[in-house]
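For reference, the structure discussed in these notes is given below.
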Amino acid sequence: MRRLIESTFVTLGGDIGSPQVWGPPYLSGPEQGACARELLFGADALVLGRGTYEGLSAAYTAMAAGQPGPVTDFVAAMNAIPKYVASRTLTEVGWNASLLGPDVAADLARLKQQDGGYLLKYGTGPLDQTLVEHGLVDEFRIWIVPVTTGPGQRLFEDLPGTRLMLAGTRTFDTGVVLLTYVPAGTAIPVGTAIPASTAGLHQES
């Protein structure tokens, strides 16, 4: 059975919008690059929502040609890896991608039952409402970037409440901290109180 890993960049204030603006130079460096490559190269396929698919496909297609090296290897892997896209509006996709059916949860559950490496999802957004509700995300990797921004898109915005357990931490020399969380139980109704002593994270819309 394959796992589904979600990887998201977030500011200290909880903003996940426009990491290409506030991420550099914190997310650049040999250690961060090696970690990002290891995560991508170990995946069998990407799972993407429409917005992430459209943004990444445009960016990485434009970067296809480059000098040999780690960055070019990463770009080549991003362009080559199979992708599954969840969308209510798209009728066709490119970039080595396939559209998931109307029942996204059922389609992903079937994909997870297959043998092979894990499925990787970049970013947190509306698709996570379905994924979290059905318990399909096995691991959240949250990259905390030491910057603050104005109001923006919030991490875990509009998601059902759920308990998570801290499974690992890693600190980079730029001040970025990578936190790995795994589900501690099934999703709980939004607004349910969780004692402060409970290990993990309460997400509330």
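The values are calculated or read from the model by the stated rules, or taken from the named source; none is laboratory data. Here the structure is a predicted model, which means the values were calculated and not measured. Cβ coordinates were reconstructed from backbone atoms using ideal geometry, including for glycine residues, and neighbour counts include every protein chain displayed. SASA here: full protein model, heavy atoms, side chains in, ligands and nucleic acids out. Shrake-Rupley method; radii C 1.70, N 1.55, O 1.52, S 1.80 Å.
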Original post:
Using a 1.4 Å probe, how large is the accessible area of TRP95, given in Å² and rounded to the nearest 10?
Top reply: 40 Å²
Original post:
Is the shape of segment 39-127 best called rounded, prolate or oblate, per the rule: a/c under 1.5 gives rounded, else a/b larger than b/c gives prolate, else oblate, with a ≥ b ≥ c the square roots of the Cα gyration tensor eigenvalues?
Top reply: oblate
Subject >> Protein-only accessible surface order, largest first, of ASP15, ASP115 at 1.4 Å >> reply: ASP115, ASP15
**OP:** Ignoring everything but the protein chains, give the 1.4 Å probe accessible area of THR61 in square angstrom, nearest 10.
**Re:** 80 Å²
**OP:** Name all residues of segment 111-136 having a backbone nitrogen under 17 Å from the label point set 7 Å from the Cα of LEU39 along its Cα→Cβ direction, giving them as ranges.
**Re:** 118-125, 128
Original post:
In terms of the Cα gyration tensor, with a ≥ b ≥ c the square roots of its eigenvalues, is segment 1-75 rounded because a/c is under 1.5, prolate because a/b exceeds b/c, or oblate?
Top reply: rounded
Subject >> Built amide H within the under 5 Å cut-off of ALA45, gap 5+ >> reply: LEU120
Subject >> Neighbourhood net charge (11 Å Cβ-Cβ; Lys/Arg +1, Asp/Glu -1) for PRO126 >> reply: -1
Original post:
Considering only DSSP beta bridges with both partners in the chain, what is the antiparallel share in %, to the nearest 5?
Top reply: 40 percent
Subject >> Separation between Cα centres of segment 134-152 and segment 81-101, rounded to whole Å >> reply: 23 Å
Subject >> Heavy atoms of VAL71 accessible to a 1.4 Å probe, total area in Å² rounded to 10 >> reply: 110 Å²
Original post:
Just one of (i) -0.81, -1.07, -1.48; (ii) -0.88, -1.18, -1.66; (iii) -0.80, -1.00, -1.29 is log10 I(q)/I(0) by the Debye sum over Cα atoms at q = 0.14, 0.16, 0.19 Å⁻¹ as worked out from the coordinates here. Which one is it?
Top reply: (ii)
